[in-house]
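Below: one structure, written as structure tokens.
The values are calculated or read from the model by the stated rules, or taken from the named source; none is laboratory data. Treat the numbers as computed from the prediction; the structure is a model and nothing was measured. Counting neighbours? That spans all protein chains shown, and the Cβs are built from the backbone with ideal geometry, glycine included.
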């Protein structure tokens with residue numbers, strides 16, 4: 001019984017679905033989680049929403065325009081650097097086609113998926129749709145289709161709950177993502193390595 005408790009972990013993932021670093025961190029975490037589960041560990045993953053760009057267009061605009069506006073002459077260099085990192089993780093980022101958009105409705109879909117036990121699958125599908133496939137994840141018809149692909153039922157509800165959760169996350173002092181917080185209080189900031197996540201999952205529980 002004691003061993004079973006030690007192998008059971010709860011992890012909170014703070015991320016945004018248009019955040020490149022969140023996608024990289026999530027991908028590495030999921031690989032660590034898969035290894036942990038295959039080793040007999042039990043893991044509950046809880047998603048906490050964060051909006052990197054809460055005032056982004058609800059219609060969407062080309063991500064390349066956002067990069068130029070924020071990074072100026074350094075945009076091409078930074079994009080190329082992130083493309084290399086993505087490729088090393090098996091993530092062929094398509095920055096030229098990505099549509100930057102506010103992620104509020106995407107977080108609502110993720111919250112619904114999490115309640116239905118499909119949060120991890122839904123998060124990956126949303127990330128991939130945005131950064132690899134160039135889909136507009138702020139478009140409700142697109143979100144409905146993606147949810148159907150994952151087997152998630154969505155509704156028009158959850159707005160007030162999400163607003164409250166976004167406010168609560170900010171009150172916690174979260175100002176950038178990804179953040180991964182483990183049940184023993186250990187918190188990892190930024191997109192850590194797969195080995196760092198796995199080590200944290202195997203760390204002895206604090207009494």
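Can you tell me which residue among 60, 41, 25 is over 20 Å from residue 174 (Cβ atoms), in contact with a helix residue (DSSP H, G or I) (Cβ under 9 Å, 6 or more places away or on another chain) and crowded, with 16+ Cβ neighbours inside 10 Å? Of the residues listed, the single one that is over 20 Å from residue 174 (Cβ atoms), in contact with a helix residue (DSSP H, G or I) (Cβ under 9 Å, 6 or more places away or on another chain) and crowded, with 16+ Cβ neighbours inside 10 Å is 41.
Would it be correct to say that residue 158 is surrounded by fewer than 18 Cβ atoms within 10 Å (Cβ to Cβ) and in contact with a helix residue (DSSP H, G or I) (Cβ under 7 Å, 6 or more places away or on another chain)? Considered against the rule, which asks whether it is surrounded by fewer than 18 Cβ atoms within 10 Å (Cβ to Cβ) and in contact with a helix residue (DSSP H, G or I) (Cβ under 7 Å, 6 or more places away or on another chain), residue 158 comes out as yes.
A count restricted to segment 176-204 and to residues that are farther than 23 Å from residue 86 by Cα and under 15 Å from the mean Cα position of the chain (by Cα) stands at 1.
When segment 176-207 is filtered for residues that are at pLDDT 95 or above, surrounded by fewer than 18 Cβ atoms within 10 Å (Cβ to Cβ) and assigned to a loop (DSSP other than H, G, I, E, B), the ones remaining, listed by number, are 176, 190, 193. All conditions but one from (1) touching a residue at least 24 places away in the same chain (Cβ under 8 Å); (2) within 25 Å of residue 30 (Cβ to Cβ); (3) out of contact with any strand residue (DSSP E or B) (no Cβ under 8 Å at 6 or more places or on another chain); (4) loosely packed, with under 15 Cβ neighbours inside 10 Å apply to residue 143; the one that does not is (4).
Can you tell me which residue is surrounded by the most Cβ atoms within 10 Å (Cβ to Cβ) among those in segment 95-118 that are touching a helix residue (DSSP H, G or I) at 6+ places or on another chain (Cβ under 7 Å) and part of a loop (DSSP other than H, G, I, E, B)? Here the answer is 98. Screening the candidates 58, 109 for the property of being modelled with pLDDT under 95, more than 18 Å from residue 24 (Cα to Cα) and within 20 Å of the chain's Cα centre (by Cα) yields one hit, 58.
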